[in-house]
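Quick note: the coordinates plus some simple rules give every number you see, no bench work behind them. Predicted, not measured: the structure shown is a model, and the values here were computed from it. Note: ideal-geometry Cβ built from the backbone for every residue, glycine included; neighbour counts use all protein chains shown.
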Amino acid sequence: MSGDVGLREIKANILRTILARRITLGVFTAVALVVILTSQISYLNPLFYAPLAWFLITFPFQFLISRQNDERTLHWVHATFFIVEIAIITLLIHLMGGSEWIGIMFYLFTVIYANFFLPRLQGYLITVLAVLLYALLVMLEYAGWIPHNSLFAVLGEPYRSLSYTLTTLLAGGIGIYATLAFTVREFSEIYARKNRALARLSKQLLSAQEEERRRLAHQLHDRLGQSLAAVKLHLATLRRRHPEAEVGDVVELLNQAIEETRTLAYSLRPPLLDDLGLIPSLRRLTDMTAEASDLEVHADLRLSGRPPPPIESLLFGAAQEAMANVRAHARAKRLTVTLRRAPAGVVLTVEDDGIGFRPNDPQGLGLQGIRERVEVAGGVMTIRSRPGRGSHVTVEVPDEATADPDR
């Protein structure tokens with residue numbers, strides 16, 4: 001199914017560029033018609049019929065491309081279109097002055113499109129073919145093996161000829177560069193659409209992941225935790241009825257299992273996040289860290305409004321992982337957690353005065369996982385540290401109130 005979606009997307013982009021090519025060639029044909037009507041160029045001159053012929057070949061290839069159901073075949077049909085296009089362009093360049101005028105520019109859009117949409121090998125093939133055909137045409141005319149056709153009947157210097165100057169301005173300057181601008185805009189829109197689709201997919205992925213974490217946390221806390229507690233109560237009843245029963249070790253193991261279950265559920269998603277939000281949950285996390293270690297923990301948490309639940313969970317997880325690393329590895333005395341709203345979103349910082357490390361050293365799976373989740377959310381995670389100088393972990397993520405809707 002994903003392959004079919006990818007093929008449809010590739011095909012849609014190719015058909016869109018063929019349509020764009022058709023529009024630009026129509027504009028070029030109109031410009032050429034204006035040139036012919038306002039200059040001394042013959043009405044039979046290929047300046048007008050060249051882009052018209054180029055325009056017409058887009059129709060059969062549009063039909064062929066729309067009927068392809070295999071990506072490899074689709075690319076080869078598209079490459080064939082470019083090859084036919086280059087052959088026609090070479091013929092038209094020959095009829096329009098060869099190397100005498102601006103014929104070399106006519107390959108520009110074919111090469112751009114080919115290297116944008118085709119696989120690398122086929123893109124290079126089209127580029128080399130364009131260069132070879134133009135070079136062959138020029139050398140054959142130079143050697144006198146084929147006749148040379150002049151586009152203009154110019155007496156004296158070309159810059160003194162109104163037809164030459166007007167044609168160069170309209171067809172060469174306005175026509176080519178307007179078409180180039182239109183082409184670049186089309187490519188930019190394709191990238192923008194892909195980025196918007198990727199941003200939507202990333203948000204959906206983050207929301208789905210967060211919902212799964214919430215579900216697992218609730219199951220661990222409500223089901224497994226309660227089941228273990230019920231077993232503990234039954235053991236306590238058994239112990240009262242049969243004091244001689246040796247159940248003390250079992251009760252101790254159950255207490256440990258219940259505590260581990262609660263810790264795991266809290267690590268997936270603390271209940272405070274759902275009930276009170278990010279700041280109370282972070283305050284609770286810093287208090288727990290201070291109670292369970294010798295660290296001097298400072299929390300400076302200021303945030304107007306609540307971010308969306310997936311962003312809250314992401315920031316809490318980042319703080320939790322960074323603080324756990326400080327406790328386990330930093331040998332720090334002081335830990336500072338700050339939370340702020342920035343123009344681009346929400347910024348969380350975890351800073352310590354420990355032994356530090358080299359940021360380029362391999363990182364643990366926890367930090368790597370947080371970094372991946374941050375990037376999926378459209379954010380940035382940076383780590384600054386030097387041996388003996390502590391570490392500084394910053395996470396900046398957009399939220400609904402600050403995110404760019406076109407991301």
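Miscellaneous remarks
- Modelled spin labels at A328 and L64, positioned 7 Å past Cα toward Cβ, are 5.9 nm from each other.
- Shape class for the range 2-204: prolate, because the ratio a/c of the largest to smallest gyration tensor axis (alpha-carbon atoms, square roots of eigenvalues) is 1.5 or more and a/b beats b/c.
- Extension gain (nm, one decimal) between D275 and R340, 0.36 nm per residue minus Cα-Cα: 21.3 nm
- Counting 0.36 nm for each residue step from A143 to V131 and taking away their Cα separation leaves a gain of 2.5 nm.
- Given R0 = 45 Å, the distance between the Cβ atoms of L198 and A292 translates into a calculated FRET efficiency of 0.65.
- Ascending count of other beta-carbon atoms within 10 Å, so fewest first, for M323, M105: M105, M323
- Potential lengthening between N115 and L91 on full extension [0.36 nm per residue; Cα-Cα distance subtracted]: 6.4 nm
- Between R72 and L233, the FRET efficiency estimated from the beta carbon spacing at R0 = 56 angstrom works out to 0.30.
- Rounded if a/c under 1.5, otherwise prolate or oblate - the range 273-407, Cα gyration tensor axes: oblate
- Computed from the C-beta positions of I104 and V184 and an R0 of 25 Å, the FRET efficiency is 0.80 to the nearest 0.05.
- Placing a pseudo-label 7 Å from each Cα along the Cα-to-Cβ vector at S304 and Y191 gives an inter-label distance of 3.5 nm.
- Among D287, D294, D274, D352, the order by Cβ neighbours within 10 angstrom, fewest to most, reads D294, D287, D274, D352.
- Counting neighbouring Cβ atoms within 10 Å and putting the fewest first, the residues S150, S161, S281 line up as S150, S161, S281.
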